[in-house]
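Written out below as structure tokens is the structure these notes cover.
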Amino acid sequence: MIKEYIKDYFSQKLERKQSLVVYDKKLFYKELVNEIASDDIHVFDASENAVLAREEALAYWISELANSADKKMIVYVPFDRSIEEDDKVTDPYIIFSSGGAIFPDEAIDNYKEICLSALPDKSEKIAELFSTDSWPSFALIDALVDGNNYPVLKSLLGASSEAEILETILFPSPELVGILTKEKSWVKEIKQWASSILGYTIKGRSLDSISKELWSITLYSEFLYDLPDSVQIPESLAQVHKVSPNAKQLIFKVASSLRKNREAEEYYVKYAKEVSEELNLAVLFSKENDLGKVNTFSFEDSTFFNQFIKHLQNQEIQEAERIINNSSHSIWTIHDEERASSWLIAEKAIEIVSFINDSEPLIKKLTDLNVIIKWYAEKGYKLDALHREFEKTLSSVLTEDDSLKVIAKQIRAIYAAFTESIQKRFQSYFKEQGLQSIKSLHNLDLFEKKVKPFIKQAKKTAYILVDALRYELAKSLVERLERADFDLKIEPAIAFTPTVTKYGMAALMPDARKKLNLKIKSNKLEPFFDDSPINTRLLRESLTKAIYGDKSAWYWESDILSDDFDKDKDLFFITTMEIDNAGENLPDNALLLIEESMKKILKTCVKLRASGIEEFIIAADHGFVLTDSYKAGNNAPKPPGEWALNKPRCVVGTGSADHNHVSFTAAELGIKCEVDSFLYLKNYATYARGLKYFHEGLSLQECVTPCISFRAQKSSANPKIEVYLSYKGKDNGVITTRRPSVTIDSSSEGLLFGDPMDVSIEVLAGEKIVGKISSSSDVDSTTGFLEVIPGQNDKFTIVMDDDYEGEFTVYAKVPSTGLVLSQITLKTDYL
């Protein structure tokens, strides 16, 4: 009996994975594992010949599993599983355990716990057996079984174990519902079974009433038995039914299985909410900060979140990460957008803290202007990306409760402290060593060095000028462009200072190094090329037409996307101001608009490639600082003087510097200018309070801009990748929750696992957007694209609009072209 139960237990682990690695140093399960072998399940026994078994398993893994989702494999390994990260590198079977299921993997995989789950009514005898023998034989366990097998119940349910009986009654298939509704002979046996196994007397007589009773006692019992001893049970719950202690492990196993079953999750959520509300659990336990280790009910998620905050504040990073790993993918995160966003904020918070902790020892090594720029371009930019993603997710939460405010305050403080320490070094080196000491590409030289060579070679070239494309955004864009089959190189380029749009864009024009100068006109400092003003896009267009004539043309990004451009031109100047406009106006959805602008740039490049463009250069006039992190009042008075340039971060003209400023002459900045006093506020100070977006100062974020050079990849025999969407195994269906989970399968010819690819998910009713993909670790924080690895099966959650009911379509598209890869049509019928 117990052998069959364990075989079934292993088979369940293979249901959602194609491979299972069984670690068994004692060789206790060796014979049992080999008995599982069949036409569709291949067993590789490494206890016979470890080297040969690994080679054969790897060959099967690559050839058979890649070509058939029905094929399964078990690798039997005669040693203990490596738990510590440092030890995993010595495990020759780590490739199989990384991509598949593992045994043992959790507490319930312990042999004793398996026996208790199989025979919950024999818990005392099992405990007695294990008190003298840690590995009692299968025969000894089988000897404990009595003659009550509930034949009708097991026959109708197709169940062979206690766990299967309970789980099947709680979540029967539609076909089984029909059978159990008509057939009544099982009712007597389920009552006998519940009394004997659960220690509970069922009162109902119909499938619906019995199922509700069992849902209630299962969920409440799990919650109760998981509570720490220190938690006092309220008097109002004293008479609420629970299962007997002997059935505790059975309840834990079944409830855990139901939470992991994506097909059952909607019903689990429904019944859990009903039980929680009926018993008033959220109110009764509202003051508790520790409700155990299992997240049975949604209100428990807050206690885990509070524990996370405590660990975060105490810099107990490993403990904080453990809680995130256990909670960020729970059923409550999947079915509650606010909880999903909260845990995503927690993930970003930990990433920021870890990045800063790892980087702080390196600060002292940043002893040179070029070294600090190199560090920022290779690594430092990641912190700005994490912080922007943190703020974006924070802004998406409808109600920023006290716990989120605590996290926001802490993360903003440590981000500000770290970046200000870097900023002080950057400004100090900039003053001491000078702009001309920077070895990186300067924007003043970018056109001559990057664009002009392609013009001489008569190559069709697109020069894309993106207002305020910060370096970290560009790094994300590069990754997207690579996945759209472009061959790329990104390098840091130093913006023209002051980092003001009209100066920065002028610096990106032909021959800017020689001709750009600043003059006072109508009391304002304006950019000129020699004696001609160049402070507007129209004037810059006139300049390039004078040089390149009809071979060149200027277009807005929207012109390209709407196909309103002349494809016969040789040199395209493409401009977009969406990032800067979003930042300057700072609407509530500014960060989302920045995200959308990145998608448009990607689509623009793909469209230009299709029109025959051979070479691409993307440049930016400046970066930006976007933050709530710097303290309110981190501002300074404007110094007295006559200033031809008045910006929130700098002034230029005639006047005196003070201790709040770093001052430069025009010569020190390499600028031809009619005035000679350039004053920049120190650190991240501004003249006005409350600014969240600015770019006129002197910082790595404002001054280090990207130069992206790329072209279409040469055609190669890339494997064909296909994507399939399904809902509960079908390409259509009815959703009963506003957060349904959709399966995405992908395949790549000849490969088991390919490089990650981006997929855009759209939820439409006709042309109307009626839902969106939920935030998760698989969804890119900058673009909103779902990252898919060919060869893997995964799920994503859709968040439906509250005010929409009816039919809709979920599309999986190629982000760069909008090509539909797969689609499914669904209807709403909410529970």
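The values are calculated or read from the model by the stated rules, or taken from the named source; none is laboratory data. Everything numeric in this text was worked out from a predicted model, so none of it was measured. Backbone-built Cβ (ideal geometry, glycine too); neighbour counts: all protein chains shown. Heads up: the accessible areas ignore ligands, DNA and RNA and are worked out on the full protein's heavy atoms, side chains in. Shrake-Rupley method; radii C 1.70, N 1.55, O 1.52, S 1.80 Å.
For the reader, a short list of remarks on this structure follows.
- You will find that of Glu347, Glu378, Glu389, the residue that is open to solvent by 50 Å² or more (accessible area, probe 1.4 Å) and of a type outside the set (A, V, I, L, M, F, W, C) is Glu378 and no other.
- A Cβ distance below 7 Å, combined with a sequence gap of six or more or placement on separate chains, defines the contacts here; from region 63-84, residues that are in a loop (DSSP other than H, G, I, E, B) reach residues that are open to solvent by 70 Å² or more (accessible area, probe 1.4 Å) in the pairs Asp70/Asp40; Lys71/Asp40; Lys71/Glu64; Pro78/Lys25; Pro78/Leu27; Phe79/Lys25; Asp80/Lys25; Ser82/Thr90.
Table: residues versus (1) in contact with a Leu (Cβ under 7 Å, 6 or more places away or on another chain); (2) part of a loop (DSSP other than H, G, I, E, B); (3) open to solvent by 40 Å² or more (accessible area, probe 1.4 Å).
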site: Leu20; (1), (2), (3): yes, no, no
site: Lys26; (1), (2), (3): no, yes, yes
site: Glu31; (1), (2), (3): no, no, yes
site: Asn34; (1), (2), (3): no, no, yes
site: Ser38; (1), (2), (3): no, yes, yes
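- Matching residues in region 196-218 - criterion: being within 15 Å of Ala272 (Cβ to Cβ), open to solvent by less than 30 Å² (accessible area, probe 1.4 Å) and either among the hydroxyl-bearing types (Ser, Thr, Tyr) or in contact (Cβ under 8 Å) with a residue 40 or more places away in the chain (or both): Ser211, Leu214, Trp215, Thr218
- Some residue of region 526-539 being closer than 25 Å to Tyr376 by Cβ, assigned to a loop (DSSP other than H, G, I, E, B) and of a type in the set (Ser, Thr, Tyr): no
- Total residues in region 364-374, condition surrounded by 19 or more Cβ atoms within 10 Å (Cβ to Cβ) and assigned to a helix (DSSP H, G or I): 3
- Complete set of residues in region 277-294 that are surrounded by 19 or more Cβ atoms within 10 Å (Cβ to Cβ) and not in a helix (DSSP H, G or I): Phe285, Leu291
- Qualifying residue in region 741-751 (condition: surrounded by 17 or more Cβ atoms within 10 Å (Cβ to Cβ), out of contact with any Phe, Trp or Tyr (no Cβ under 7 Å at 6 or more places or on another chain) and assigned to a loop (DSSP other than H, G, I, E, B)): no
- Residues that are over 25 Å from the mean Cα position of the chain (by Cα) and crowded, with 20+ Cβ neighbours inside 10 Å do not occur anywhere in region 295-311.
- Unique residue being at pLDDT below 85 and either within 23 Å of Pro492 (Cβ to Cβ) or more than 27 Å from the chain's Cα centre (by Cα) (or both) when the list is Gly641, Gly612, Gly633, Gly623: Gly633
- Near pairs, Cβ below 6 angstrom, 6+ apart or cross-chain, from region 27-55 (closer than 16 Å to Pro78 by Cβ and hydrophobic (A, V, I, L, M, F, W, C)) to any residue that is exposed (fewer than 12 other Cβ atoms within 10 Å of the Cβ) and at pLDDT 90 or above: none
- Listed by first and then second residue, the pairs with beta-carbon distance under 6 Å, at least 6 apart or on different chains, first residue in region 422-450 and farther than 12 Å from Asp368 by Cα, second open to solvent by 20 Å² or more (accessible area, probe 1.4 Å) and among the basic types (Lys, Arg), are Leu444/Arg513; Asp445/Arg513.
- Considering residues of region 259-276 that are in a helix (DSSP H, G or I), charged (D, E, K, R) and under 29 Å from the mean Cα position of the chain (by Cα) only, the residue surrounded by the fewest Cβ atoms within 10 Å (Cβ to Cβ): Lys260
- Considering residues of region 285-298 that are of a type outside the set (Asp, Glu) and farther than 17 Å from Ser256 by Cα only, the residue modelled with the highest pLDDT: Phe285
- Residue among Ile331, Ile323 that is touching a helix residue (DSSP H, G or I) at 6+ places or on another chain (Cβ under 8 Å), among the β-branched types (Val, Ile, Thr), in contact (Cβ under 8 Å) with a residue 40 or more places away in the chain and within 23 Å of Phe390 (Cα to Cα): Ile331
- Residues being assigned to a helix (DSSP H, G or I) and small (Gly, Ala, Ser) - total across region 152-167: 2
- Elements of type helices (runs of 4 or more DSSP H) contained in region 428-523, each with 3 or more residues being open to solvent by less than 40 Å² (accessible area, probe 1.4 Å) and in contact with a Phe, Trp or Tyr (Cβ under 9 Å, 6 or more places away or on another chain): 471-483, 501-506
- Within region 312-335, restricting attention to residues that are open to solvent by less than 20 Å² (accessible area, probe 1.4 Å) and in a loop (DSSP other than H, G, I, E, B), the residue that is farthest from Lys253 (Cα to Cα) is Ser328.
- Residue within region 237-249 that is in contact (Cβ under 8 Å) with a residue 12 or more places away in the chain, among the aliphatic types (A, V, I, L, M), touching a Ser or Thr at 6+ places or on another chain (Cβ under 8 Å) and within 19 Å of Tyr268 (Cα to Cα) present: yes
- Just one of the listed residues (Tyr680, Tyr684) is outside any strand (DSSP E or B), within 30 Å of Asn585 (Cβ to Cβ), in contact with a Phe, Trp or Tyr (Cβ under 8 Å, 6 or more places away or on another chain) and modelled with pLDDT of 85 or more, and it is Tyr684.
- Enumeration of residues in region 524-563 that are closer than 25 Å to Glu674 by Cβ, open to solvent by 50 Å² or more (accessible area, probe 1.4 Å) and among the acidic types (Asp, Glu): Asp530, Asp531
- Residue pairs meeting the criteria (Cβ under 9 Å; at least 6 apart or on separate chains; first within 16 Å of Leu786 (Cβ to Cβ) and among the acidic types (Asp, Glu), in region 711-727; second in a loop (DSSP other than H, G, I, E, B) and modelled with pLDDT under 85): Glu722/Glu749; Glu722/Pro790
- Residue list for region 633-657, restricted to those being closer than 26 Å to Ile438 by Cα and in a loop (DSSP other than H, G, I, E, B): Lys647, Pro648, Arg649, Ala657
- Subset of region 223-258 [assigned to a helix (DSSP H, G or I) and surrounded by 21 or more Cβ atoms within 10 Å (Cβ to Cβ)]: Phe223, Ala247, Gln249, Leu250, Ile251, Phe252, Lys253, Val254, Ala255, Leu258
- Tallying residues that are free of Cβ contacts under 8 Å to residues at least 24 places away in the same chain and either within 14 Å of Pro815 (Cα to Cα) or open to solvent by less than 40 Å² (accessible area, probe 1.4 Å) (or both) within region 766-792 yields 1.
- Check on Leu180, hydrophobic (A, V, I, L, M, F, W, C), in a helix (DSSP H, G or I) and open to solvent by less than 50 Å² (accessible area, probe 1.4 Å): yes
- Among residues of region 809-825 that are over 17 Å from Ser597 (Cα atoms), those with a beta-carbon under 6 Å from a residue that is of a type in the set (Asp, Glu) and open to solvent by 20 Å² or more (accessible area, probe 1.4 Å) at least six positions away or on a different chain give the pairs Tyr811/Glu762; Ile824/Asp731.
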